[in-house]
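Take a look at the structure below.
The values are calculated or read from the model by the stated rules, or taken from the named source; none is laboratory data. This is a predicted model, so every value here is computed, not measured. Neighbour counts run over all protein chains shown; Cβ positions are idealised from the backbone, glycine included.
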Amino acid sequence: MSYFELRDYIKELGYTVDCDFFIKWDGLLVIVDNDKVIFDLFNMINDGDTVEVYVFHGVSEANQAPLELEFVSNVSDSGVGDASFNEASNPNKQPLTSTFPSIPTTGPSETSSTPFEDQSTTVPPPSSSTVPSSSTVPSLSTVPPPSPSIVPSSSTVHLPSTVPPSSPCIVPPLSSVPSSNPIIDNDPTDDEVKDESGSEGDTNEDNEVDSDVHQEYIDIRASKRHFKRSQRRSRGTNSYQINVDEKGPDIGYDETNIGIRENLVGKLGGDEPYYLSDEAPSFEIDDETGWGDGEEVDQVVHKHVRRKKTQNRVVFDATSEKIVWELGLVFGTIEEFMTVTRYAVQKHIQIKKYVNEPDRVRVRCCKETCPWLLCASKDKTSGDVIVKTYNPVNKCLTLTHNYLCNSKFLATKYKERITQQPNISIVLLKDIIKELDINVGRTTMRRARTRVLQEIMGDHIMEYDKIFYYKDEILRSNPGSTCVVKVGEEDETGQKKIEGFYVSFNALKKAFFRGAKRLIGFYGCFLKGVCKGQLLVAVCRDENNQMLPIAWAVVEVENQFTWTWFLELVKNDLDLGEGHQLSIITDMQKGLEIAVENVLPLVEHRKCARLVLANWCKNWKGVERRRVFWRIAKSTFEAEMKDNIQAMKKLGQECLDDLLWYNLNTRCKKYFQDYSKCDVVDNNMAESFNAWILPARFKTIITMLEEIRVKMMKRIGDLREFSNTWITDISHMSLKILQENIGKSMQCNLTWNGERGFEIKHHGFTHTVDFVSRSCSCRSWQLRGIPCHHGVAALHYNELKPINYVASCYSKETYLSTYVYFIQPMNNMKMWPTSNNPIVKPPKIKKLPGRPGKVRIKEADESRKTGKLSKRGVVMTCSKCGTQGHNKIGCPTRNQAGPSQSTEPSSQAQATESGRGRGTGRVAGSRARASSSTQPPRASSQATTNNENGRGRAA
């Protein structure tokens, strides 16, 4: 129970709320004026106890006798009695009188009578009493903290000489005038108190008391009156009850519904109303006196100000899922009112906008007999769009087709979903749209997807016009970067056409210099969006054998000239010279091999073995052939390579000859140099970058380049944080290779020469290991920089740790130095400064014959993961004649008469001649005619004989 609940309970019993009431506990009457008193009392009450409530009504001031203030003796917290204080403050020991009632702090004495009766309506005036000379007045510093006050009795109550520190303190007198505010109790009203000095609020008896405690109490009362007077002034309304109008529909349906006020629940103190900054009441002035700056005045006159009556209108919430119409519904713009389309789709009704103007819209049902109507127009004063006519009655049936559910509506509703997956299929999009329960055609969904893609991709012509601005922004935000725009000659209109765009950020170039491996993979991929062309990339590897893109460029076509332009720029940025101490790996790109020979003549050029396998397997299939192919490519020494070649020869001399037609020097580890510390035989790292940026390749040029830049900017930070997960001082991938070699070393047999040389026997080969020079005759240690299984066996024999003999390019320190530089953020297109950069035109799109392909061309040996296995590429063998190239259905000897056919009954032959026997038909006859026309003369005579025997129809 709270203080206000208790006041309501008293009010239900027939008493006014202006009275004071007390609770009787343990023979004491405790005044109740706040929740703390109730809380302190209820802590001492057990279950089943009865609490008596006494009501005290104020009497008129004329009938109220002067009250006396009785100060009880007390012992201060410091242990010093209060008698000395009273003697100092009242040396003459005159009796102290006051208008305050005597306040007992403990239980009443035997001579005291009950001060009040239950539910009494009158209170006898308290008799005057005198404070004995032995009583003391407590000092201000020794006054205990506030606690539940005790009700004064009508007669003098004798108290014990000591009171505990937690006993009640002095209580102000009960006012004879009821308080107009239920929050303010026992305090004069504004009519009685006119200034903070208390000239009219203080009585003469108060001024006659000569005590510092009493004077300080007067000052506290004056401060309290001043505070509550300013509190009443801040509310600006009187205490009279105001009758409000009847609550209309959806009162309060404003911005509270979107969670603004709900988020403030429990975070704002007080009971004053809270207005949002964009609400009309927040602009009103609550200070009716005219002093808005908080000036203090002597008297506040409350006047009833009649305010202008405003309509309570509801503002439409665009984020709400369910739409409810009502008169006076306010929209910001006409476009916001067009959510009526969403309403029609939700309700499965057909409506039409037969008045659709910039200032007003009138919507009705498509069925003329249906009374449903909705009309909204723009308000001249505020400019808002307000619903002024609404008839909610709709007598039409729901439909599964709605012409308003068009591509524009679907693009608006599912824009976020299509943006997350730009290449979403129409089948998947149709499954998502099923939630509307409306039939939508495939063409409509395709147009909706196209509309969204056009919005997120932007205008590709405009982006080509801004390509020089993009270059300036890259050079401004990332100093040290390289950005080149290649343009062609001017056309008839005087504009130049773009031919290429190259970019290499400074952070990526520094990463290559500070620790990346000296192996670069070059790759080219197609752009799939409205901007056609090729994307050329240069990708190297970091210490963890992960991709590290260095540079990329957009060109119109892929040929020798574009690759030469790209390689020249990469060569200048990375200071490659003529390619000394550098390895590159490429696919069979158009013109790339000639460009590498011209730009980097001294470079080690490797070819992707996976691409060689794809071309070689078109003619030679088989799992064993593939396995032997990879064993040849991964052979690290000559003896191993020769053994694998002999294994391939056993599978067929012709397949070996076709394999040796591809140069082994570019795809076998035996011929690789060891300065790059990388022995890869494929270009999968560049292809991984191609798949990594696949969604960006569908977008326009600047949008695509920006998405690649942002992905790289995030990747550098993520990879640097990834190093915190390392459990050793070397990278995860190098540790994995070392653990594999440790497992293989258990199968090795070694012999030590007593110094630093070892002979290691493994799988029929004997290798020599020198752990001081970190070399092995298998060359695997030199190619990777990680001890091979032969070297691990030698290190374990000498009780050395193999992890200490891993090359420094795999260390954590080198890894962190590689990613010490970061790509800096950039402003978007709207914030780029204007300049006098030339405007370029996009490259001319060459439309190829046929429909553009959407599915990647799969390799010959690549199959689906699920479904039925395809028989593409399988050579058929006839089970009848044993010849390859056809089956028994198309076998030329199918219609020849066998030994069993001569014993067939003549009735069956006659039925066959009539065309009703088994194996007859138009298809068989046509096949027989085709066979007779394509076979040599001998085959034709055989077909004629078969036709005469009734096995087919001859023309």
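Taken over the range 533-590, the criterion of being touching a Ser or Thr at 6+ places or on another chain (Cβ under 6 Å) and within 25 Å of residue 662 (Cβ to Cβ) is satisfied by 583 alone. With the structure loaded, tell me whether residue 370 is closer than 22 Å to residue 326 by Cα and either among the charged types (D, E, K, R) or touching a residue at least 24 places away in the same chain (Cβ under 8 Å) (or both) or whether it fails that test. For residue 370, the condition - closer than 22 Å to residue 326 by Cα and either among the charged types (D, E, K, R) or touching a residue at least 24 places away in the same chain (Cβ under 8 Å) (or both) - is met. Here the range 558-604 is the region considered, the condition is being exposed (fewer than 15 other Cβ atoms within 10 Å of the Cβ) and of a type in the set (A, V, I, L, M, F, W, C), and the residue that is modelled with the lowest pLDDT is 588. Of the helices (runs of 4 or more DSSP H) that lie entirely inside the range 367-438, those containing 1 or more residues that are surrounded by 12 or more Cβ atoms within 10 Å (Cβ to Cβ) and modelled with pLDDT under 85 span 415-420.
Here is a check on your reading of the model: is residue 647 of a type in the set (Gly, Ala, Ser) and over 30 Å from the mean Cα position of the chain (by Cα)? In short, yes. A search for C-beta distances below 7 Å between a residue of the range 751-779 that is assigned by TED's automatic domain parsing to the domain that holds residue 643 and more than 18 Å from residue 807 (Cα to Cα) and any residue that is of a type in the set (Ser, Thr, Tyr) and surrounded by 14 or more Cβ atoms within 10 Å (Cβ to Cβ), counting only pairs 6+ apart in sequence or on different chains, returns nothing.
Is the range 634-656 home to any residue that is farther than 28 Å from residue 761 by Cα, of a type in the set (A, V, I, L, M, F, W, C) and touching a Gly at 6+ places or on another chain (Cβ under 8 Å)? So far as the range 634-656 goes, yes, one or more of its residues are farther than 28 Å from residue 761 by Cα, of a type in the set (A, V, I, L, M, F, W, C) and touching a Gly at 6+ places or on another chain (Cβ under 8 Å).
Scanning the range 458-496 for residues that are under 11 Å from residue 840 (Cβ atoms), at pLDDT below 90 and of a type in the set (A, V, I, L, M) yields one hit, 461. Residues in the range 405-460 that are under 22 Å from residue 351 (Cβ atoms) and touching a Phe, Trp or Tyr at 6+ places or on another chain (Cβ under 9 Å): 433, 448. Residue 342: under 26 Å from residue 439 (Cα atoms) and in contact with a Phe, Trp or Tyr (Cβ under 7 Å, 6 or more places away or on another chain), yes or no? Considered against the rule, which asks whether it is under 26 Å from residue 439 (Cα atoms) and in contact with a Phe, Trp or Tyr (Cβ under 7 Å, 6 or more places away or on another chain), residue 342 comes out as no. Those strands (runs of 3 or more DSSP E) of the range 728-825 in which 2 or more residues are among the charged types (D, E, K, R) occupy 757-762. Out of the residues in the range 872-905 meeting the condition of being under 60 Å from the mean Cα position of the chain (by Cα) and modelled with pLDDT under 75, tell me which one is surrounded by the most Cβ atoms within 10 Å (Cβ to Cβ). Once the filter is applied, the top-ranked residue is 873. Being among the basic types (Lys, Arg), assigned to a loop (DSSP other than H, G, I, E, B), farther than 30 Å from residue 223 by Cα and at pLDDT below 60 narrows it down to one of 309, 322, so name that one. That would be 309, the only listed residue that is among the basic types (Lys, Arg), assigned to a loop (DSSP other than H, G, I, E, B), farther than 30 Å from residue 223 by Cα and at pLDDT below 60. Taken over the range 445-463, residues that are surrounded by fewer than 19 Cβ atoms within 10 Å (Cβ to Cβ), over 29 Å from residue 485 (Cα atoms) and not basic (Lys, Arg) amount to 1. Of 613, 660, 651, all but one fail to be without any contact (Cβ under 8 Å) to a residue 24 or more places away in the chain, in contact with a helix residue (DSSP H, G or I) (Cβ under 7 Å, 6 or more places away or on another chain), on the phi < 0 side of the Ramachandran plot and aliphatic (A, V, I, L, M); the exception is 613. Within the range 655-676, the set of residues being out of contact with any Phe, Trp or Tyr (no Cβ under 8 Å at 6 or more places or on another chain) and either within 19 Å of residue 517 (Cα to Cα) or crowded, with 19+ Cβ neighbours inside 10 Å (or both) comprises 656, 666, 667, 668, 669, 671, 672, 673, 674, 675, 676.
Quick one: is residue 466 of a type in the set (Lys, Arg), touching a Cys at 6+ places or on another chain (Cβ under 6 Å) and surrounded by 13 or more Cβ atoms within 10 Å (Cβ to Cβ)? So residue 466 does not fit the description; no.
Condition first: touching a residue at least 24 places away in the same chain (Cβ under 8 Å) and assigned to a helix (DSSP H, G or I). Can you find one or more residues in the range 845-853 that meet it? No, every residue in the range 845-853 fails to be touching a residue at least 24 places away in the same chain (Cβ under 8 Å) and assigned to a helix (DSSP H, G or I).
Note on the range 544-581: residues that are part of a loop (DSSP other than H, G, I, E, B), touching a residue at least 60 places away in the same chain (Cβ under 8 Å) and touching a strand residue (DSSP E or B) at 6+ places or on another chain (Cβ under 7 Å) amount to 1. Sub-7 Å Cβ pairs linking a first residue in the range 866-884 that is on the phi > 0 side of the Ramachandran plot to a second residue that is assigned to a loop (DSSP other than H, G, I, E, B) and surrounded by 10 or more Cβ atoms within 10 Å (Cβ to Cβ), at least 6 apart or interchain, are 873/860, ordered by first then second residue.
Scanning the range 21-38 for residues that are at pLDDT 75 or above and either of a type in the set (Asp, Glu) or within 14 Å of residue 4 (Cβ to Cβ) (or both) yields 32, 33, 34, 35, 36, 37, 38. Output yes when any residue across the range 588-607 is within 25 Å of residue 780 (Cβ to Cβ) and within 44 Å of the chain's Cα centre (by Cα), and no when none is. So far as the range 588-607 goes, yes, one or more of its residues are within 25 Å of residue 780 (Cβ to Cβ) and within 44 Å of the chain's Cα centre (by Cα). Per the conditions (1) in contact with a strand residue (DSSP E or B) (Cβ under 6 Å, 6 or more places away or on another chain); (2) farther than 29 Å from residue 822 by Cβ; (3) not aromatic (Phe, Trp, Tyr), the sole criterion not satisfied by residue 416 is (1).
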